[in-house]
1. Quick one: of A:Lys337/A:Lys421; A:Lys192/B:Lys72; A:Lys59/A:Lys566; A:Lys295/B:Lys353; B:Lys419/B:Lys533; A:Lys295/B:Lys191, which pairs are farther than 26 Å apart, Cα to Cα?
2. Rg and Dmax of segment B:353-429, using alpha carbons, in Å: what are they?
3. With N denoting the number of residues in segment B:132-202, provide Rg(C-alpha) divided by 2.2 N^0.38 Å, to two decimal places.
4. Would you mind giving the three semi-axes, in whole Å and largest first, of the ellipsoid equivalent to segment A:33-87 according to its Cα gyration tensor?
5. Ratio of segment B:45-195's C-alpha Rg to 2.2 N^0.38 Å, to two decimals?
6. Please give me the summed charge of the neighbours of B:Glu472: other residues whose Cβ is under 13 Å from its Cβ, Lys and Arg +1, Asp and Glu -1.
7. Tell me the net charge near A:Asp71. Cut-off is 15 Å between Cβ atoms, A:Asp71 excluded, with +1 for each Lys or Arg and -1 for each Asp or Glu.
8. Test of understanding: extend the Cα→C-beta vector of B:Leu554 to 7 Å, then name every residue of segment B:493-513 with backbone N under 16 Å from that spot.
Amino acid sequence: MAEISDSPSTSKPVEENTQSLTPQVDPKATRNTKPGIKRLIISVSVLVSFILGFPLLWKSIEIYRAPLPFDRIDSFSSQVEGNPLSFPCRFQVIFIGFEFKASHREVGAAITRKMLDLGRGGDCGGCGGNYSVAVAVERGDVGAFDFGGKLRGGDEDADEWVRSVVSEYGGGNAYSVVLVNEEGEVRSVVGKYRHAWIVGRVEEEEAVLRVAEIFVKVFVNGADEEGSVRSEFMPVGADGKIVLSFSLLNADPRDWIYDWNFREIDETLLQPVIEALQPLANISVESQVLYHTPKSSFSYWDDKHGSHIFTSKDLPFFVNSNEWHLDTSVAAGGRSKVLQLVVYIPSAKECPLQLKLPNGDISKTNGFISPMWGGVVVWNPQSCIKDLESKDPVRSTISPQDLRTLFEVLLGQLRQLLGLKSDNLYVGESGASILLGSERGFTEWELDVLSRKHICFNLLSCATTLGSLSRLVQSLPRMIIMDEIGKQVKFSLEAANFAQSNASIGIYDASAVSSRQSRSLAEDAFFHPSIMSISYYSFEHCFAIYSPFFLPVTMHVLLAALREWKRYKQENMKYLTVKTKAKVS
Amino acid sequence: MGLPPKATFPLSLLLLFFLFLVLSTSAQQEEFSEELLLKPLPDRKVLAHFHFQNEAPLAADSFARHHHLFPKSISQLVQKFHIKAMELSFTQGRWNYERWGGFDPISSHNAKPPGVELWAVFDVPLHLVDASWRNLTHSLSGLFCTSINFLESSTAYSSPEWAFQSALGSLRYGTLPREAVCTENLTPWLKLLPCRDKAGLSSLMDRPSIYRSFYHSQRLHLTMSSAASDGSRSGIILEQTLTVVLQPNDQNAGMSNVGEIKIQPSWSLSSIFGRKISGRCVLAKLSNVYLHADRGLVAQLETSQKNTAHFATNDTGPEDFRRNSGFELSVAPKRVLKELDKSSSVLYEYPIKEYKDIEQFDLGLMWEHPIVWSSPHAPFYASRFLVGSGNERGAIAISLKSTEMTQQLVANNIEDSCKLQVNVLQVVPWYVKVYYHTLQLLVDERPQVLTDFIERMRVSPSEDKVSPGMMELVLQVPCAMKSAVLSIEFDKGFLHIDEYPPDANQGFDIPSAIISFPDFHAGLQFYDKSQSKSPLLSKLQEKSPVLSYTEVLLVPLTTPDFSMPYNVITITCTIFALYFGSLLNVLRRRVGEEERLLKNKDAKKGVFLRQVLTNLSAKLRGKPLESTPSVSSSSSSSSSSFVSPKLILRVLLVAGIAIAWQYYSQ
């Protein structure tokens, strides 16, 4: 606008200028006066003010983007993916009745070497690569015999007894193995707490191997064979909640109707498990009975087994998502993980229904799991003959014994879903070990494994979420990013750092809490409503709004400045030549 | 003490048995029942009313966690949002109060306004009610696949106090008149039934025939049942109803010749639904089908029977009811219920359980000769319309017209003091700015003083973009009144461009007004011997005020051209650019120099053509030809450049580029 207001004052001198120029004889070739620079100044100043104004305009139409710490996110995710989180673990071996020539330190070193051979411990949620094993040796045959006798008794009693022995050696949270050298066959048992014992005639070499295997395969990795359930998947919601939704499906209520006394089983069987898993996740239980829910796969009659058979190939089609209205829970928040545990009662025309394993055997549990979704168990009524006499179907309740075995299977499935073994025998390279089950469903060392994996999974998913958020934000340069998202990202990174530092000291609980927090904050940021909304204001839109003004005006201004500059140069040349001529003449 | 030990043993056994019985019944209290009521309507249509009831005990520890029949999602909703009572209805079509009746329980319970209607009563402190409502709307929209979440904003709901469902507490009420209802809403609704539509009466619900109907309304009603002893809440009752008005295909359309009176079409379940009932839902405690002949029809039948003198008295076996003079039923009913009144309606009961010998239950009704009757009407027939034209202002008028019912009342009451109470609830959205002082009442087409008729009035004025306006009225009108018109004026407001819905030119809906007559109770009093607990029968017998909804109004508001902002931007930008460009040109123009140049040019090539052109242009402008070549017009300069070969070359180049562009873009 400044140029416009100036115009009347500048126009007058222009006229004067032209008048002064008119008496020139030959304006084409020569010029006597110095060319005027008023027009040049005007057009250049307009151009300059435009160029200066452009950043202001750019600033005014800029979209608010909270600064996100992209480099910190990148370094965090590369750190989490590069060197997986590892926890300090202490190991302890107590030899009873062994005559070692070597020193304790050498035995410990031998075991450590063996452990490193068995597994590098590089997995996420492992114990790291640098194991340290403390060794204690109790000499004397009498002691060994005495010990052996006690350990050969009931496993439950032995477990308590070994616990007291281990605590004598000062092993509070350390993983311990007690080896008793004694006559008789070798028997190896892993207890409910953080210890195991081996009784029998064991050579020293073999003892070292066995101890190392129990440490690495059982205590560190949770006796989990490769490939059963991938350890990255931990079915815990971002808010640290799991909803166990139990459903009893009556495929066809016209044949029979079964009901269950769920409340009783909830109180007796499920509550201890929920309490045991409390540090890992907040678990709630709900149940329902559904009717008219046929499976969607086919089964065939098999004379050999005397039952209808469905094979493991049918499993992907077994769950009938059209008819099984298992539903997500309304009571649970949006972030909770719902695990469906389903008991399927076949109809009369497909009863008894059995699952055939790929090796041709009939499955003992008659159920299967689907990772991150839940598990299904098929339960066949006692007699599969429909009472044709009465038109009304028989209403009955599943007997408490049956229900108990059913729920044991379901809890086994839950253990598998969480990434643990469902049976109580571990077969390693050096021999089998019995895993002692806890009445709470989960032993202490298993819970350790789970919480290590849980923390690691949380940090991993936090890293991937933040990584994809930063990629998304960088790929859309005109997306609004609220301050809140920036804050959430910052807090998430802080919580993740806190979890990592706690984990390296070995404080599981605090680490679990802050890792969960970091994951949920990362997801909060990623699923923030402002990102989901359509407030993304595209560059094309911006261009379409501003181009009707700026395109023609810029043309004018640029051309004017260019022409004036050219003309000035030309006229100046003429003037200079005239001047030099005059000088010469 | 006096009992010998021999006797105590069986006695204790018996006691134990009883104890067991009591225990087992208390544990199995979740009950489900399914019922279907069929009713021929006077205008050749058939009403089918499905009624499902699900009851669950409200045990504190396991409620909303463990259920056997009751839908888990609903109990979790109740638990989470502390719902005391709730009703959600999805309706398509409009209930025809004139033809289908307005004085029976079905019309006052199940005739609903088009679209979605939701009300809920919460058991939370007053300041939390709105938050609960908002959460509930979101949960329900997820559950039922609808946009109930639009009821979340405070402009969409109101809290009537006494004109509607009074004495329940903190109530919130909202409607979405434009919500389209279709099968995606029915499927989640069916999912709440234990048998869904796999078995039982719900297997009749053939989607094409339901959605082809004249009116259908699916409803979900939640209430707390209270224990008889202390009145405390003992359980929760979920009532699901589907009301359909269907036109049966005329089976003997070919036989009835032209010129005959419009005969009632005969129908059967299979002809109206295309399906038969192939068995009951085994989980239901009760599954009955009822056929209801209303008062008018029964009265007509009786008169025709008297006329033909075939009246067999006191032979009330079920077989006799199968054939009466008016119509014939294809299946004999197990029970016939008559109303206690003199002119009474008749209900035929068919428990599906007892028709085992028939493979598929297919109830049919054959008319023997044409009968004309009418359904009972509400005391006043309510309708609502818009007055005025233009996009600026208008008025809403609610008219009440007396029906034969009030005329009867007048005939019975000789004194003049007879008064009728009418409650009106009207909710208007904020962009319809109602002036409450313009409320006018015309009784029998004469303007009246409002205070003479209005007993109570509560107005909560609308607040722009915050809350809708609501008016609750209690009117006392004389029985002898023929008609009444309530009218109120309004201004049409302007909305922000963001607030217009898609397809804004369709207009905006004003939700139905609710007119209720608390003096009248729609309830059928059946003489019920068997004391069977049928939820549908008890619902029919329940005394509830007569209620009717008016039409939804469509108000056209001024709608902007939605591309306008961009047009404005473009045109202002263009003007600015023109102004700016010309200013810049003026600033750097050298008038004297240009003139000199032109002079030289003209002197050099004074071509004949150019001379002619300048003459022509001067003539065209009506100016005298200036012979002095020193003053040349700009037009001549432009014309001189017009034919220059350089320009032609440029034009050709641009044309070539355009052609190439066209060619490649195709």
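1. On the way: A:Lys337/A:Lys421 21 Å; A:Lys192/B:Lys72 37 Å; A:Lys59/A:Lys566 33 Å; A:Lys295/B:Lys353 28 Å; B:Lys419/B:Lys533 37 Å; A:Lys295/B:Lys191 17 Å.
Over 26 Å Cα-Cα: A:Lys192/B:Lys72; A:Lys59/A:Lys566; A:Lys295/B:Lys353; B:Lys419/B:Lys533.
2. According to the Cα coordinates of segment B:353-429, Rg and Dmax are 22.8, 68 Å.
3. This ratio for segment B:132-202 stands at 1.34.
4. Result for segment A:33-87: semi-axes of 56, 14, 5 Å.
5. Working: Rg = 16.2 Å, N = 151, 2.2 N^0.38 = 14.8 Å.
Taking the Cα Rg and dividing by 2.2 N^0.38 Å, one obtains 1.09.
6. Around B:Glu472, the charge tally is 0.
7. Taking every Cβ under 15 Å from that of A:Asp71, the sum is +2.
8. Counting only backbone N, you get B:501-512.
The values are calculated or read from the model by the stated rules, or taken from the named source; none is laboratory data. Quick caveat, the model's predicted, so the values are computed rather than measured. We place every Cβ from the backbone using ideal geometry, glycine too, and count neighbours over all the protein chains shown. For accessibility, only protein heavy atoms count, side chains too; no ligands or nucleic acids. Shrake-Rupley method; radii C 1.70, N 1.55, O 1.52, S 1.80 Å.
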